[in-house]
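Beneath this line is the structure, given in structure tokens, with notes to follow.
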Amino acid sequence: MIELDQESIKRSRMRYGEIQLYAGSACPELAQKIANYLDVSLKGRDVIEFPNENLFLKLHSSARGQDCYVIQTHATPLHRNLMEMLIMIQTLRLDYASRVTAVMPYLAYSRSDKKDQPRVPITARLVADMIEVAGASRYITMDLHAGQIQGFFTVPGDVLRGAHVLNPYLRKIRPQMKDPVVVTADLGFAKKGRQYAHVLDAPMSFIEKRRIANDARAEALTLIGDVNGKDVVLVDDEVDTGGTLAQAVKVVKEHGAADVYMVFVHPVLSRNASERLAALPVTEFITTDTLPIPEQKRAFFGERLTVLTVSQLLGEVIRRAHEGRSVGAMFNE
Ligand code: R5P
């Protein structure tokens, strides 16, 4: 932690006003935890949905001249939550907020990041454009599916890593693991997987995966590396349908893996993913609260689910953004 520069904090307050936190409907618990960390109250607002599904928003108090943060994760119902966030940003802008930051622990459409076949959209770019057009002057998010998505925004942003909360926990449970090996179920995650391997002081193996269609189906193919008789720590950025990691568990078990730990940042857990994953021979599922996991989904996992909160990480980044202090310094970067 670097020492507080009181002068720059004062300057920043004079320029942007006080921190105002606004919670979207998608992650009220996470927003409340962030507010607790920052020792501020969430600002009041009404969101009304008309019978025609149009949303209407009204702030309880003025945002004029203030430094506003809209905390909204892109959870289901995705399009409603996305639209609500955009409307909230625009409302704050129209109320003369001095600065509006979109805090999106999970950014939707991150997987639509390039034209990798003819006649398809780049929806992540569209989402970035919409956030800016709504009036956000900055954004904060976590583990983008592809780092290059940062380039879709013209406003500055902080992209944080779930590893900052997952790593300390993995270090803690490391002594209970026998000869661990970190496995990525997706070659696209190999570079980040290496960071987990470093923390666990463990070797790496990879699963080569090939998408078989434009829908959610996936097929895990070859295992590159050795997992025989070892505990496997399967890592990925997100679990959507659970197909990728379910196949990965099958592959590592076929290759003689002992205990399997599943680690992922974003618990999208669409449709029956929870039920599907919970049926697997996995010792522990370790994830974060970038997306809320409803009680009925948690119930499938029982004691095997560990959800680590990113609230303090996000709270501290909001504080530093507000005070004009380095975020990299939090991680000695
Ligand atoms: C893929 O590119 C990602 O890293 C994840 O592996 C993927 O999003 C998981 O999707 P699903 O759980 O539907 O297989």
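Miscellaneous remarks
- Net lengthening on full extension, Arg111/Glu49 (0.36 nm per residue, minus Cα-Cα): 19.4 nm
- Note on the chain: Kirkwood hydrodynamic radius from all Cα pairs is 21.0 Å, rounded to one decimal.
- Qualifying trypsin sites (Lys or Arg not before Pro) in the stretch 271-333, where qualification requires a DSSP coil assignment and no more than 14 other C-beta atoms within 10 Å, comprise Arg271.
- Taking Cβ atoms as reference points and 14 Å as the exclusive limit, the residues near Ile48 contribute a net charge of -1, counting Lys and Arg as +1 and Asp and Glu as -1.
- Evaluated with a Cβ-only charge set (Lys, Arg +1; Asp, Glu -1), the stretch 163-308 carries a dipole of roughly 80 debye about its Cα centre, given to the nearest 20.
- Unit Cα scatterers, Debye sum, the stretch 32-170: log10 I(q)/I(0) for q = 0.19 Å⁻¹: -1.21
- Going by accessible surface with a 1.4 Å probe and the largest first, Thr123, Thr141 read Thr123, Thr141.
- Cut-off 13 Å between beta-carbons: net charge of the residues surrounding Val159, Lys and Arg +1, Asp and Glu -1: -1
- Ordering 27-39, 108-120 by mean Cβ neighbour count within 10 Å, with the highest value first, yields 27-39, 108-120.
- Total formal charge among the other residues, if their Cβ is under 12 angstrom from that of Leu38, Lys/Arg +1 and Asp/Glu -1: -2
- When the GluC sites (Glu not before Pro) in the stretch 41-113 are filtered for DSSP coil states and for at most 14 other beta-carbon atoms within 10 Å of their beta-carbon, the remaining sites are Glu53.
- Cross-link pairs beyond the 24 Å C-alpha cut-off, checked among Lys172/Lys250; Lys114/Lys250; Lys192/Lys250; Lys33/Lys191: Lys172/Lys250; Lys114/Lys250; Lys33/Lys191
- Dipole of the stretch 215-302 [Lys/Arg +1, Asp/Glu -1 at C-beta], most positive-end residue of Val268, Ile286, Gly243: Gly243
- Placing a pseudo-label 7 Å from each Cα along the Cα-to-Cβ vector at Ile224 and Arg64 gives an inter-label distance of 6.0 nm.
- Between Met330 and Asp95, the simple spin-label model (points 7 angstrom out along Cα→Cβ) gives 2.5 nm.
- In degrees, nearest ten, helix 78-94 long axis to first principal axis of the chain (Cα): 30 degrees
- Whole-angstrom Cα spans of the stretch 163-308 along principal axes, big to small: 35, 34, 24
- Nonlocal amide H pairs with Arg138, under 5 Å, H built at 1.01 Å: Val100, Ala102
- Carbon plus sulfur fraction of accessible area for the chain, probe 1.4 Å, in percent: 50 percent
- Overall form of the stretch 112-186 per C-alpha gyration tensor (a/c, 1.5; a/b vs b/c): oblate
- Cross-link reach is defined here as a Cα-Cα straight distance under 22 Å, omitting same-chain residues fewer than 8 places apart; for Lys253 the lysines meeting it are Lys178, Lys209, Lys230.
- The chain - mean residue ellipticity at 222 nm from DSSP helices (-39,500 (n - 2.57) per run, n ≥ 4, rounded to 500): -10000 deg cm²/dmol
- Average accessible surface area per residue within the stretch 163-308, 1.4 Å rolling probe, Å²: 44 Å²
The values are calculated or read from the model by the stated rules, or taken from the named source; none is laboratory data. Not measured: the values here are computed from a predicted model. Cβ coordinates were reconstructed from backbone atoms using ideal geometry, including for glycine residues, and neighbour counts include every protein chain displayed. Calculation scope for accessible area: heavy atoms of the full protein, side chains included, ligands and nucleic acids excluded. Shrake-Rupley method; radii C 1.70, N 1.55, O 1.52, S 1.80 Å.
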